[in-house]
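The structure appears right after this line, and notes come after that.
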Amino acid sequence: ESWSPSDWLRAVTGELGELASLLKMRNRERDGLPGNKFSPTDKQVADEIADVLTYLDLLAAALDVDLGLAVAQKFNEVSKRVGFPDRIEIA
């Protein structure tokens with residue numbers, strides 16, 4: 001409760017940076033470039049994605065946003081606009 005929304009946003013950004021670093025390492029491997037200190041595992045990538053989502057959920061909570069509902073509504077809005085037939089059912 002002591003963190004402000006901007007504190008949570010900085011945490012999200014930090015985790016996104018860690019994820020970006022892992023994916024950059026994978027790109028270097030793909031392209032045959034030297035310099036990686038290690039080879040990122042699928043678990044490391046999944047863990048960083050989970051960290052991003054966790055901090056994003058905490059940011060949403062700090063702003064009184066129902067993240068699941070907001071995601072479903074936005075997905076449905078964009079799907080309708082671009083003619084994509086799938087929708088997320090909202091209870």
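Applying the Karplus relation 6.51 cos²θ - 1.76 cosθ + 1.60 with θ = phi - 60° to segment 19-27 yields 3J(HN,Hα) values of 5, 4, 5, 4, 5, 5, 4, 4, 5 Hz, where x marks Gly and Pro.
Counting charges near PHE75 (Lys, Arg +1; Asp, Glu -1) among other residues having Cβ under 13 Å from its Cβ returns a value of +1.
Approximating the spin labels as points 7 Å out from Cα along Cα→Cβ, the LYS37-to-LYS80 distance works out to 4.9 nm. If you sort GLU1, GLU48 by accessible surface, 1.4 Å probe, largest first, the order is GLU1, GLU48. 3J(HN,Hα) along segment 2-15, derived from phi through the Karplus expression 6.51 cos²θ - 1.76 cosθ + 1.60 where θ = phi - 60°, amounts to 7, 8, 7, x, 5, 5, 5, 5, 4, 5, 4, 4, x, 5 Hz, with x in place of Gly and Pro.
Computed over protein heavy atoms with a 1.4 Å probe, the accessible surface of segment 9-91 works out to 73 Å² per residue.
So which chymotrypsin sites (Phe, Trp or Tyr not before Pro) in segment 34-91 end up in coil per DSSP with only 14 or fewer other C-beta atoms within 10 Å? Passing sites in segment 34-91 are PHE38.
Note on LYS43: aspartates and glutamates with a C-alpha under 18 Å away, same-chain residues under 8 apart excluded, are GLU15, GLU18, GLU29, ASP51.
For the chain, with all protein chains present and a 1.4 Å probe, just round the carbon and sulfur fraction of the accessible area to a whole percent.
Result for the chain: 59 percent of the exposed heavy-atom area is carbon or sulfur.
The values are calculated or read from the model by the stated rules, or taken from the named source; none is laboratory data. This structure is a prediction, so every number in the text was calculated from the model and none was measured. So basically every Cβ, Gly included, is an ideal-geometry build from the backbone, and we count neighbours across all protein chains shown. Note: accessible area is taken over every heavy atom of the protein model, side chains too, but ligands, DNA and RNA are not part of it. Shrake-Rupley method; radii C 1.70, N 1.55, O 1.52, S 1.80 Å.
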